[in-house]
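Please read the structure below before turning to the comments.
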Amino acid sequence: MAPGILVFIENKDEKSFFENLFKTDDFPVFETHLALEAMRILQDKDIGLIIAGSVMEGIEGERFKLIAE
């Protein structure tokens, strides 16, 4: 299976848009608006792309970027 996509966005409309845009049988899509859950997904799943909003609950954007890299 191909690497998955993590959608880490708080805004429900934006999150829904990206989920629907990327959801196929080829790429699993994982979504959350919580920082701890996003980090758990990164640890447990093979993630090839992260879509993150400008506002993230529970973590600063630069810190999340460092962890994700």
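The values are calculated or read from the model by the stated rules, or taken from the named source; none is laboratory data. A quick note: this is a predicted structure, and the numbers were derived from the prediction, not measured. Every residue, glycine as well, gets a Cβ built from its backbone with ideal geometry; the counts of neighbours run over all protein chains shown. SASA here: full protein model, heavy atoms, side chains in, ligands and nucleic acids out. Shrake-Rupley method; radii C 1.70, N 1.55, O 1.52, S 1.80 Å.
Worth pointing out:
- Between Leu36 and Ala2, residue separation times 0.36 nm minus the direct Cα-Cα distance comes to 9.9 nm.
- Modelled FRET efficiency - R0 30 Å, Glu60 with Lys12, Cβ distances, 0.05 increments: 0.90
- Accessible area expressed per residue, the chain, with surrounding protein chains retained (probe 1.4 Å, Å²): 70
- Option label - mean projected area of the Cα convex hull in nm² computed here, alternatives (1) 4.6; (2) 4.2; (3) 3.9: (2)
- Taking a Cβ cut-off of under 14 Å around Phe30, the surrounding Lys, Arg, Asp and Glu residues balance to a net charge of -1, with basic ones at +1 and acidic ones at -1.
- Point-to-point label distance, Glu19-Ala68, nm (Cα→Cβ direction, 7 Å offset): 1.8
- Loop-located trypsin sites (Lys or Arg not before Pro) in the chain, at most 14 other Cβ atoms within 10 Å (DSSP): Lys23, Lys45
- Charge context of Phe8, other residues only, Cβ under 10 angstrom, K/R +1, D/E -1: -3
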